[in-house]
Amino acid sequence: MSTTAIQPVPLGRRVKRFMADRPLIPLIILLVILVVVLQILRPGIVNERWLANTVKFAIPLAILAGCQTMTMLTGGIDLSVGTVATMSAFIMATQVVNHDPGVAILIALVPAVLIGLVNGIGVGVFRVHPLIMTLGTSLIGTGCLQVYQRTVIASGAKIPPFLAWLGTGLTYGVPNALLLFVPIAILIVFTLNRTGFGRLLYAVGDNEGAARLSGVRYWQVITALYVISSVLAGITGLLYVGLIKAPSLSLAEPLVLPSVAAAVIGGTSIFGGRGGYTGTIIGALILTVLTTLLTILQMPEGARRILFGLIVLFVTAAYLRIIEDR
Amino acid sequence: MSRLVRRQGWVAGLLVLFVILLVITRLIQPGYGSGDFGSLVRAVLPYAFAVAAQTIVVIAGGIDLSVGAMMALTSVTAASMMDGASEEYALFVVPFVLAMGLVLGAVNGMLIVVTRVPDIVVTLATLFVLQGAALLVLGAPGGAVAEWLRATIVGTVQIPGLPGISAWIPKALVLLVVCLCIIWVPLKRSKLGLSIYAIGSSELAAFRSGVPVARTRIIAYALSGLFAAMGGLALTMSTGIGAPIPGPYLLASVAAVVLGGVALGGGKGGLLGPIVAVFVLRLVRTDLTLLAIDPNVTAIIEGAIMVAVVMFGAFITMRSRQS
């Protein structure tokens, strides 16, 4: 048996297998290529300041993409993250006028928890498709925010200094936002890889029926997941408003689409059961660099959306091929 | 036979609900008359087409998330083409936009068939793409519409000798009924219509019975695109401009489809139910407005109703699958 010649594996198949086994390496190569292209188009743009700026803008995207990663692992998606982030940012900025910043932040995270709870119950108990459910709650959330805006129109808004420091500040050229992001990222990676809850997410996404028969309480897992996702989105909103410094009713809405794209690029399967957070972080960096590139090329917003849509479609189709091949 | 009765019963129940709501409206606002009914129909028009677009795809066992974006794209295309053009030019614009919807819908279907990625992901991607394209066509709400097109949905149909009844038949309603029937009635009676129900009911069984599954799916999506293009045109006709950011048409269409008795699993239901359902949903909104409720609160209530309806529908689907 050992004497039979090893069948030569065709190159295409080998590349595919390599991509499936180590999805991070092609992603990092892509990131480097993008940075090089940027440097060629605008010589000298890639410096320390640019790097800090890119990281600063990639962090909110990466956290939201973390929400998408976790929900996608169970075969879901959370389209309400943009609305939740906007809500918590806006509520915090208006409540901080009358309250202590800590209290304001707690108040701001209440709607995030509520929306997460409704999402979780809708998806977990009533089995609505997550896409429809989160779209619906984000619609309701936006409506609530508009009503809320009326009540605080006179009081004005401000950003607490420490959030501005966290969002925009640099210490020795390193963005302060990393102070928030690194623990969150470690926590997500740890949860997904090393805890029972993380394993449950993979299990539910991989084969829901099998997970259920093994004694997994589906609705509890899903409810906890969507609440966590919403709270993370709320925290992102607080960070993002410190970065943008202007609370508006559509603050984080433009981040929703890229967050889905970042998770998909990072190798998380939109059908569930496959993927991880490290790929997503690199996906967020790739998208941030790509956005800079498109801005330099003076691509309009519309073209950017088209590109993101095509990326989601092609990457998903490609992953499907890779999985089918095994 | 009993299934047929139950299905028609559902639609009849919806119609009764609609009439009850009309009576309630009359109680809230004693002056609610034919003119208000006309404006209700005009408001329903784009929603009704969005619902038709969603219905046909859901019956075929899929879901089309790009309905709203498709409407936005066709709406801005029509509005920007007619901007500053002559009245006769619109005669060319209308078929062009309808053909565009048909082709884009077919592209949706082809992507699903060729890539074998599930409907929900493909149409999510095309949602992004179409939204982007709409923004490229028109960066901000604008454009114009030919006067005669606006006139086709304003006012009522004059039936000689029956002024009392004709006041209650707005032109918009006639346009809606004609457009839907022209496509739906022949489709429902043809082999193609049967194939669409078949692939929604069970794709494997349909395939083994010799139904061309891929072709049928593409046609279903193409027709959905056509309806969405009609919705886009209706949007432009009723507002007079094109807006690149679509309204909540996607959620509304799914909610109306569920409320209209079409199973989200596919293969069941008809077009009449969802259309009546969308009238019911819009009339609820009218009532809330007549009760002098803040429009933003109205939006919240409406959203909550739609989410509740979809939850209910999902629950029913789950139950029927278990039993």
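For B:Lys191, the lysines whose Cα falls under 25 Å of its own Cα, not counting residues fewer than eight places away in the same chain, are B:Lys268.
How many Cβ atoms of partner chains, on average, are near each residue of A:235-245 if near means within 10 Å of its Cβ?
0
Listed by chain and number, the lysines whose alpha-carbon sits under 17 Å from that of A:Lys56, ignoring those within fewer than 8 places in the same chain, are A:Lys245. The ellipsoid equivalent to the alpha-carbon distribution of chain B has semi-axes of 30, 26, 19 angstrom, derived from the gyration tensor eigenvalues as √(5λ) and listed largest first.
Averaged over peptide B:300-307, the number of partner chain Cβ atoms lying within 10 Å of each residue's Cβ comes to 6. Estimated from helical segments only, the mean residue ellipticity of chain B at 222 nm is -25500 deg cm²/dmol, where each DSSP H run of four or more residues counts as -39500 (n - 2.57). Once backbone amide H atoms are built at 1.01 Å from N, B:Thr156 has B:Lys171 as its partners under 5 Å, excluding neighbours fewer than 5 places away on the same chain.
Computed from phi, the 3J(HN,Hα) profile of region B:145-150 under the Karplus parametrisation 6.51, -1.76, 1.60 (θ = phi - 60°) reads 9, 5, 4, 5, 5, 4 Hz, with x in place of Gly and Pro. If you run the Gaussian network model on chain A, springs between alpha carbon atoms under 10 Å, then out of A:Thr280, A:Thr142, A:Thr69 the most flexible one is A:Thr142.
Each part reduced to its alpha carbon centroid, region B:67-124 and region A:109-182 end up 34 Å apart.
Using per-residue counts of other Cβ atoms within 10 Å, averaged over each peptide, order A:114-120, A:206-212 from highest down. Provide the component values of the computation, followed by the final result.
Details: A:114-120: 24.3, A:206-212: 14.3.
Ranked from most to least packed, the peptides come out as A:114-120, A:206-212.
Counting only other chains, and only Cβ atoms inside 10 Å, what mean value do you get across the residues of A:313-322?
Per residue, the average neighbour count from other chains is 4.
Legend: translational diffusion of region B:183-317 by Stokes-Einstein, Rh = Kirkwood radius over C-alpha pairs, 20 °C, 1.002 mPa s; D = 127 µm²/s.
The Cα trace of region A:45-325 gives Rg and Dmax of 18.5, 61 Å, the first to one decimal, the second as a whole number.
Here the protein assembly as shown has an Rg and Dmax of 25.8, 98 Å, counting Cα atoms alone. When you count the other C-beta atoms within 10 angstrom of each residue and take the mean per peptide, A:221-227, A:101-107 line up highest first as A:221-227, A:101-107. Sparsely packed loop sites in region B:103-210 (the chymotrypsin sites (Phe, Trp or Tyr not before Pro) outside DSSP H, G, I, E and B with at most 15 other Cβ atoms within 10 Å) comprise B:Trp168. Annotation: the residues A:His99, A:His129, sorted from fewest to most other C-beta atoms within 10 Å of their own C-beta, follow the order A:His99, A:His129. Per-residue Karplus couplings for region B:32-49, computed as 6.51 cos²θ - 1.76 cosθ + 1.60 with θ equal to phi - 60°, are listed in order as 5, x, 5, x, 5, 4, x, 5, 4, 4, 4, 5, 6, 2, x, 4, 4, 5 Hz, Gly and Pro entered as x.
Annotation: amide H-H contacts under 5 Å for A:Arg274 (H modelled 1.01 Å from N, sequence separation of 5 or more, or interchain): A:Ser269.
No value in this document is a laboratory result; all are computed from the given coordinates. Since we're looking at a predicted model, the values are computed, not measured. For neighbour counting, all protein chains shown are included, and Cβ atoms are generated from backbone atoms with ideal geometry for every residue, glycine included.
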